[in-house]
Amino acid sequence: MRPTDLALLRTPGVPTVSPDGRIAVVAVSRLDLDADEYRGQLWAVPTDGSAPARPLTSGGRDSAPAFSPDGRWLAYLSAAPGERPQVHVLPTSGGAPRRLTSCRLGAGAPVWSPDSRRLAFVARVPEEGRYGTVDGVGPEAEPPRLITTLQFRQDGAGFVGDRRSQVFTVALPDDGGDDTAEPPEAVQVTSGDADCADVAWSPDGTELAFVSARHERADRDLVNDVYVVRTDGSQLRRVTESRSDCSRPSWDRTGRTLYLTAVPDLGPAGLGFVGSNATLCRVDAAGGPLEPLLEPEEHARGDDTPGTVLDDGAALIGVERRGAVELLRVPLDGGTPVPLVEGAFTVRGFAVGG
């Protein structure tokens, strides 16, 4: 490979599948050598192979596509040159995309409510009176900052960790409304001196689950708990018991159980053990101990899918196996896991529809 060949590489992200199972949409990223930046474009792919893939968006920096449960909308992140990503929606019946957010530090991947009328996401919130530039360059540069935490760069993205990420929701515009009107204002659901991540809706749309470290030693260990909060920001409660590194929670259809990825036990100090692996677990939504559904030593999760995918009484998970990542279907009733993709493959992402 020569350096100029880098411009020829195309990397697909995690797909989303329409509720009827007919179309998959995936973000494809590439390196633009002339502009010295990455670009991303959404592509639609018929799942039966009846037609070639076709581009859906212009390819500025588009990512994180997600079909609405009713199939009418495609939500995604898009960033104009020199700007931060914001949540957009595109009607699947045709029409122009609409931007829904104007977060000063950018928005995270959108997650649909069950009724397809709202989206949840996380976004970093700058301190009052500070404009939130990362590198201090430009007309809105911040004054010097005093860093008082050990994990102030734990996200690895160059953000200062005291700009905490919080959970937000935003409503879709009314059907038949003015397309030129200002987008609805996003509502901040969580607050406090702790980051939030991996938001998920309850089946009835009244609560949000997310991951956060809000315990006393949060700056000195690796523990992350699952929390649940009402969509109006009330009744915040911790679901897990501060001994695990939790991520990617998803509710089952009944709303009584949360399935997630976790290192089940990090030990008394919360720092884990040599060879500690994250795997598929579940926990009672009312709170309680984690129950691993797979042996972490044999089934470490290795895919990039942002949530925990549940489908017809089973969970799908990519597990590391001798350098590969296989796709495994794990029955939730304790049945024998079944490999769906095995062998010398690395499964990076997957979705379910139809």
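Each reported figure results from applying straightforward, stated rules to the coordinates on display, with no laboratory input. None of these values were measured; they are calculated from a predicted model. Glycine gets a Cβ as well: all are built from the backbone with ideal geometry, and neighbour counts include every protein chain shown.
Hey, does the stretch 31-38 have a residue that's in a loop (DSSP other than H, G, I, E, B), in contact with a helix residue (DSSP H, G or I) (Cβ under 9 Å, 6 or more places away or on another chain) and in contact (Cβ under 8 Å) with a residue 12 or more places away in the chain? Yes, some residue in the stretch 31-38 is in a loop (DSSP other than H, G, I, E, B), in contact with a helix residue (DSSP H, G or I) (Cβ under 9 Å, 6 or more places away or on another chain) and in contact (Cβ under 8 Å) with a residue 12 or more places away in the chain.
Of all residues in the stretch 250-290 being outside any loop (DSSP other than H, G, I, E, B) and of a type in the set (S, T, N, Q), which is nearest to Trp201 (Cα to Cα)? That would be Ser250.
Counting only strands (runs of 3 or more DSSP E) that fall entirely inside the stretch 298-354 and contain at least 2 residues that are not aliphatic (A, V, I, L, M), the qualifying elements are 314-321, 324-331.
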